[in-house]
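Read-outs: derived from the displayed coordinates by stated rules, not from any lab. Computed from a prediction, not measured in an experiment: that's the story for all the values here. All Cβ positions, glycine included, derive from the backbone under ideal geometry; neighbour counts span all protein chains shown.
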Amino acid sequence: MAYTSITFEHPKTNAIREAPVGFSWTVLFFGPFPAMFRGDWKYFGIMFLAAILSFGFSGLVFMFIYNRMSIQDLVSTGYLVRETVYPDLDELSRKLKIDLRRPGDAAPRPESTPEAEPAPEPAQPRPTSGVPKIDGRE
């Protein structure tokens, strides 16, 4: 069951969307149609096609992942968190592994990249005695 919900607001259009977090009972019982009712046409198409190809068994997978995919899609299109029932937004962000930001929050910091290791020095040729090798002996 969805254990909380997040209300998102788009900063430019002021559109407001509510997204449940967690297991999706509606996807379990109604397949791809909750995505259609939410106006999430991209995931409706994906889930509908998958349901046809798998004879409906894809719902057993999408019921666990649809709400997270929906939230990730809202965040990637620029929506920001307006409010949440969950008390700690940072903890929720860590659980979902999605950068949830409120209006006015600083932009996410880029991940620190490890410094590049110096390239190994080319191997030095072994010194030879100047005598040609015969059968692997010098």
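Scanning the stretch 17-27 for residues that are closer than 19 Å to ILE98 by Cα and outside any loop (DSSP other than H, G, I, E, B) yields ARG17, GLU18, ALA19, PRO20, VAL21, GLY22. Is there a residue in the stretch 41-57 that is among the aliphatic types (A, V, I, L, M) and surrounded by fewer than 11 Cβ atoms within 10 Å (Cβ to Cβ)? Scanning the stretch 41-57 turns up at least one residue that is among the aliphatic types (A, V, I, L, M) and surrounded by fewer than 11 Cβ atoms within 10 Å (Cβ to Cβ).
Among the conditions (1) in a helix (DSSP H, G or I); (2) within 19 Å of LYS95 (Cβ to Cβ), PRO34 misses just one, which is (2).
The residues of the stretch 49-61 that are in a loop (DSSP other than H, G, I, E, B) and under 20 Å from the mean Cα position of the chain (by Cα) amount to a single one, SER58. Across the stretch 62-100, the number of residues qualifying as basic (Lys, Arg) and either part of a helix (DSSP H, G or I) or crowded, with 20+ Cβ neighbours inside 10 Å (or both) comes to 3.
Answer yes if at least one residue in the stretch 64-75 is over 22 Å from ALA15 (Cβ atoms) and β-branched (Val, Ile, Thr), and no otherwise. Yes, the conditions are met somewhere in the stretch 64-75.
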